[in-house]
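Okay, structure first, notes after.
The values are calculated or read from the model by the stated rules, or taken from the named source; none is laboratory data. Just so it is clear, the model here is predicted, and its values are computed rather than measured. Heads up, the Cβs are rebuilt from the backbone with ideal geometry, glycines too, and the neighbour counts pull from every protein chain shown.
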Amino acid sequence: MKNLYLLLLLACAFGYSQDAAVVNWIDANAIAIGGTGQDAPLSNLKQNTPATFNDVKLFGFGEATHHTKEFFDIKARFFKYLTENNGVRVFMIEDGFGPDYKINAYISGGGGTAKEAVSQMGFSIWMTEEMVALVEWMRAFNANRPENDRITFYGIDNQFGRNINVIIKNFVAKYNIAVDHNFTTVIDSSAVLHGQRGKGNPKAKGYAKQLADAALSLKNSFKPADAAQQKELDATLHAFDVLQQFLKHVDGGTPKERDAAMASNAIWALQHEGTAAKGFIWAHNEHIENAGGAQRLGHILKATYGSAYYSMGFDFGKGSLYSRYLNGNMSAPAIFTLKAPFKDNYAFVLSQAKADAFFIDFKLAATDAVMDKFINSNRKNITTGATGYNPVFKGNKQDIAKAYDGLIFVKQITLPTYLK
């Protein structure tokens, strides 16, 4: 018994020493993210940015929860930095192509306000003052810039048909293209179709064939006069593609099909903006990750771009969490307070570092034996989706170094400011 007790003591002591070594490495090597809000500069990033950033074509920035002010603000700060220093111009988000069309128009000098544009997004989780501030910054950045040097804003999700029909009809009206009654009927009907969970919608397949015919008719009847018109036509034909993705979604689409659609849309957006275009994706951790249990957006992008795709995971220690599961079952929205990180989570060790928020590049971390073991130690990290945090869930186990190329950690999180 004494020997067993001694072994347990030695194991604990070894564990604590390993954790201390990890914390010491972080304090010495991680990039501290000082300041708060979106306007605080990333003052020490330019001197310490991983050299790999310069070769990245597409950044995927995740979030461990959809409902966190600090994640919103830090992602906005990184996007601004990458826009100003790395030439990133294509902003993509886990939202609808149609609902976000007006944001793209607004940041390009269109009418209305940022708040009005953000209020029309597909998911209410993005309808925050933090998103409004970022959209306003995008518009200011674009002002007086040539069209080929402006930020563009794309929703890449397949779960929304709303407004896609308007995009198509606006193009038809602008160029006075002759279309028959069925053309308008099918795009309007498809855009508002709804699926019954688990059963799909029997109309979807019929509309899919008619949509394909309508897209081909439009393509054959419009001959672009120049490159600008060709780009408009390509965007309109892409609207048809997204509407087809939406029909698959309402007809009982799977999570795998959803991620595949997002990847296809992200790749299209980069190609649409030119061979030299660089992009930034704003989505949940589980979408942008390089590896995991399901075929995710990030898996496809990593296979497509290799090291030119950089996935940035997010994690946190404690704080305020949106939740609809306070009683173990779906309930009215509420706030849950996580008072401390769970001991078997990565956050338990990461929270012991000095900085309140910091960034670790895993390629750098892997050069240290202790850190390499830590980031591949198959611990848990919390991820919550639109419905928020379930208090009985302590996280998914994974090697974070396989899931992401880097990690941003925030010790304490708070909720964003919602528009409504």
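Against the test of being within 30 Å of Glu116 (Cβ to Cβ), at pLDDT 95 or above, touching a Phe, Trp or Tyr at 6+ places or on another chain (Cβ under 7 Å) and not aliphatic (A, V, I, L, M), the options Phe314, Phe409, Phe348, Phe358 yield a single qualifying residue, Phe314. If we scan segment 76-85, do we find a residue that is assigned to a loop (DSSP other than H, G, I, E, B) and either within 15 Å of the chain's Cα centre (by Cα) or not aliphatic (A, V, I, L, M) (or both)? No; the residues of segment 76-85 include none that is assigned to a loop (DSSP other than H, G, I, E, B) and either within 15 Å of the chain's Cα centre (by Cα) or not aliphatic (A, V, I, L, M) (or both). Candidates Glu63, Glu70, Glu94: the one that is crowded, with 21+ Cβ neighbours inside 10 Å, in a loop (DSSP other than H, G, I, E, B) and among the charged types (D, E, K, R) is Glu63. Mind checking which residues of segment 54-79 are without any contact (Cβ under 8 Å) to a residue 60 or more places away in the chain and either among the hydrophobic types (A, V, I, L, M, F, W, C) or touching a helix residue (DSSP H, G or I) at 6+ places or on another chain (Cβ under 8 Å) (or both)? Once the filter is applied, which keeps residues that are without any contact (Cβ under 8 Å) to a residue 60 or more places away in the chain and either among the hydrophobic types (A, V, I, L, M, F, W, C) or touching a helix residue (DSSP H, G or I) at 6+ places or on another chain (Cβ under 8 Å) (or both), segment 54-79 yields Asn54, Asp73.
Candidates in segment 279-311 are the residues that are among the aliphatic types (A, V, I, L, M) and buried (at least 23 other Cβ atoms within 10 Å of the Cβ); of these, the one that is nearest to Thr254 (Cα to Cα) is Leu297.
For segment 34-86, the candidate set comprises residues that are at pLDDT 95 or above and basic (Lys, Arg); within that set, the residue that is farthest from Lys397 (Cα to Cα) is Lys80.
Within segment 127-225, considering only helices (runs of 4 or more DSSP H) that don't extend past its boundaries, which have at least 3 residues that are buried (at least 18 other Cβ atoms within 10 Å of the Cβ) and outside the structural domain of Gly112 (by TED's automatic domain parsing)? First the steps, then the outcome.
Numbers: elements: 129-142, 164-174, 181-191, 203-221.
Qualifying helices (runs of 4 or more DSSP H): 164-174, 181-191, 203-221.
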